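Chemist: Dropping the structure in here first, questions after.
The values are calculated or read from the model by the stated rules, or taken from the named source; none is laboratory data. Note that the structure is a prediction, hence the values are computed from the model and not measured. Note that we place each Cβ from the backbone using ideal geometry, even for glycine, and neighbour counts take in every protein chain shown. Accessible surface areas use protein heavy atoms only, side chains included; no ligands, DNA or RNA. Shrake-Rupley method; radii C 1.70, N 1.55, O 1.52, S 1.80 Å.
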Amino acid sequence: MNYLSVENLTHHWGDIRLFDDLNFGVSEGQKIGLIARNGTGKTTLLNILAHVLPNESGLITYRKGISVGYLPQIPQLDDNHSVIEEIFASDNPQVIAIKAYEKALADENHEELGHLIEELDKLNAWDFESRIKQILTELKITNFDQQISQLSGGQKKRVALANILINEPQFLILDEPTNHLDLEMIEWLEAYLERSKCTLIMVTHDRYFLDRVCNEIIELADQTLYPYKGNYQFFLEKREERIQNHNAQVEKAKNLLKTEQDWMNRMPQARATKAKYRIDAFHDLKKKANSGLQEQTMNLDIKSARLGKKIIECHNVCKAFGELKILDDFNYKFAQGEKVGIIGKNGTGKSTFLNTITGALKPDTGYLETGETVVVGYYRQSGMNIDPSKRVLDVIADISENITVGSGSSMSPAQFLRHFLFTNEMHHVQVDKLSGGEKKRLYLMTVLMKNPNFLILDEPTNDLDIFTLNLLEEYLQNFKGCVVIVSHDRYFMDKIVDHLFVFEGQGVIQDFPGNYTIYHDFKLEEEKELKKVVKVKKEPTIKAVPAKDKPRKLSFKEKKEMEELEQAMEDLNSEKSEIEEALNSGALDADALTEKSKRISEVIDLLDEKEMRWLELSEIGG
């Protein structure tokens, strides 16, 4: 059954033609990954399919009655709503029925209630709110009454994703759904979409996610689409075959063109009387001979400064914010050529650690020694902090007019931009006109052009296209200095890192010898063994309780108190997580740090007090 038909779709961006006469269809159950270089129109295509942008020409037809859900890179939510209000601001039939039921209940409209109870039964909507909270919790959104205006960009993206998953549309359009998700959330979403019967088209840079969720890949290149029915590895192989076959045909056309060109040159008088088809064929042949596919590739041969024996050494380093420990007597000496990945849940101190080893934050006790030759290049997740109205060329020129590359030669800012696939036409474009991936590529340039020998990369893969990621991976594999990476891209981590710092919370950091997949498999095996141990343990004997000793039931007042305690603990845990994120950000001044540290101690005390009372009540209710 065909869910979507696209016919003769064409779109321009200024003078640039992004795609030309696209024709394709999406059938029920297909799960398609869309791959393309940054700036070639992936997001534009998704916006047009979702009717966010108008189509300049062509026809987009969805099967009648199909529900469509779209997750854009930057979702638009109502800042005046709370999280739960945003979820309920929907035309979902279950939501509409629940709202009508609540109104009828408030109005004591018994006739309407009878009808709505049947409707809720039919829609299986009684557990809708619990499903909402379950999905929000999986995506680490636990304060359901928090205002949308108070959420970070990443939290807004997760609320928007939750909203789509809760409404269960038949056709999903997702633009970089794994951005702003930690590893645990990515694996949960991966399993959810694998199980789901929905039809899907998505853009993602996460190659493991792509492999496990999608059963087909389409590539947007040369203003057209190329389908590949297989996984990512199959796509790479068949794409290379496609390019080689095309170029072989072009070479054949070039050889034939020489003969035809001689004929055209030799017989100018005869051309008017010769068969017109041969002259037309000559022009078609000439066009084909000039259509070779030249792969645009970046050369990341960037010179790095010489690195001495002493790099960065941590001696008994401790760092805490109130009772929240980040580093606890941490000792480590970085070695040349070392590539370490950092993983851990949000709030365990990954960003604080990076800010401490770079000197942006001072340790509470202990000290760090940094070698004289160390040049740190820090690629921050937050991206560039520059005037968005600046021209691309000025961003580079303001840092240096002379950039040294790996061969020892130097480049001008314009040459360096071309080195990173920014064409001459793009040099005078304002930064805010760039795509998300192009902005990230420009930011990467500003970091590498300083010739660092100690690279810190905090979520470098977000918004970069797969082709750029492959080149960055190759560059990092050959990088002679030190590399420290925080990333939720498992494929990227597996290719680069040789060991992991696993942040387990409260200052506990495990140094694991291996990449992410090895660590993940190790943890799964550990959990299996633990389950076996629990299973073989003897079941405790349950003694009958004499009637006179039977525990009493909770009173109505105690039940109410227990519900209030649960809500209060949820709110306090959310506040604690927010304070931890703020403390780890490295963006607070001294006064704000003191205030937040004081507050987190108060929050922890309140949590202990309320948890103790909740336990007392739960024992009574037994």
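Chemist: With the other protein chains left in place, how much accessible area per residue, in square angstrom, belongs to the stretch 1-109 at a 1.4 angstrom probe?
Modeler: On the way: 5590 Å² over 109 residues.
That works out to 51 Å² for each residue.
Chemist: Could I ask something else about it? Using a simple charge model, +1 on the beta-carbon of Lys and Arg, -1 on the beta-carbon of Asp and Glu, nothing else, what dipole does the stretch 46-174 show about its Cα centre, in debye to the nearest 20?
Modeler: Values: 11 positive and 19 negative charges, 164 e Å.
Rounded to the nearest 20 debye, it is 780 debye.
Chemist: Now, a different point. Could you sort 354-360, 103-109 so that the peptide with the highest average Cβ count within 10 Å comes first and the rest follow in order? Mind dumping the intermediate values first?
Modeler: Details: 354-360: 18.9, 103-109: 11.9.
Ranked by mean Cβ neighbours within 10 Å, highest first: 354-360, 103-109.
Chemist: Determine, for each peptide in 515-524, 154-163, the mean count of other beta carbons within 10 angstrom over its residues, then list the peptides with the highest first. Each step should come with its number before you reach the end.
Modeler: On the way: 515-524: 15.1, 154-163: 21.6.
Put in order of decreasing packing, that is 154-163, 515-524.
Chemist: Still on this structure, please answer the following. How large a share of the accessible area of the chain, in percent, is made up of carbon and sulfur atoms when the probe is 1.4 Å and the other protein chains stay in place? It would help to have the intermediate numbers written out before the result.
Modeler: Numbers: 16160 of 32570 Å².
Taking all protein chains in place, the chain shows 50 percent carbon and sulfur surface.
Chemist: Once the dipole of the stretch 206-257 is set up with Lys and Arg at +1 and Asp and Glu at -1 on Cβ about the Cα centre, which of Leu225, Leu256, Phe235 lies farthest towards its positive end?
Modeler: With unit charges placed on the Cβ atoms, the residue in question is Leu256.
Chemist: Which residue, Gln134, Trp188, Val603, has the largest displacement toward the positive end of the dipole of the chain when charges sit on each Cβ (Lys, Arg +1; Asp, Glu -1)?
Modeler: In the chain, that residue is Trp188.
Chemist: How big is the dipole moment of the chain about its Cα centre under a simple scheme where the beta carbon of each Lys and Arg is +1, that of each Asp and Glu is -1, and everything else is neutral? Debye, nearest 20, please.
Modeler: Numbers: 78 positive and 100 negative charges, 574 e Å.
Once rounded to the nearest 20, the dipole reads 2760 debye.
Chemist: Positive end of the charge dipole of the chain (Lys, Arg +1 and Asp, Glu -1 on Cβ, about the Cα centre): tell me which of Tyr491, Ser389, Asn109 has its Cα farthest that way.
Modeler: Tyr491
Chemist: About the Cα centre of the stretch 1-116, how large is the charge dipole given +1 on each Lys and Arg Cβ and -1 on each Asp and Glu Cβ? Please answer in debye to the nearest 20. Present the calculation step by step, with values, prior to reporting the outcome.
Modeler: Working: 8 positive and 16 negative charges, 147 e Å.
The calculated dipole for the stretch 1-116 is roughly 700 debye.
Chemist: Binning every alpha carbon pair distance of the chain at 10 Å from zero, what are the percents per bin?
Modeler: 3, 12, 20, 24, 19, 12, 6, 3, 1, 0, 0, 0
Chemist: At a Förster distance of 25 Å, what's the computed FRET efficiency of Ser409 paired with Ile243, Cβ-Cβ distance as r, to 0.05?
Modeler: On the way: r = 30 Å, r/R0 = 1.19.
Efficiency for this residue pair is about 0.25.
Chemist: Rounded to whole Å, give me the distance from the Cα center of the stretch 357-402 to that of the stretch 100-132.
Modeler: After rounding, the separation between the Cα centres reads 56 Å.
Chemist: Moving on. Sorted by mean Cβ packing within 10 Å, highest first, what order do the peptides 455-465, 60-70 take? Before the final figure, lay out each step's value.
Modeler: Values: 455-465: 21.9, 60-70: 14.2.
Ranked by mean Cβ neighbours within 10 Å, highest first: 455-465, 60-70.
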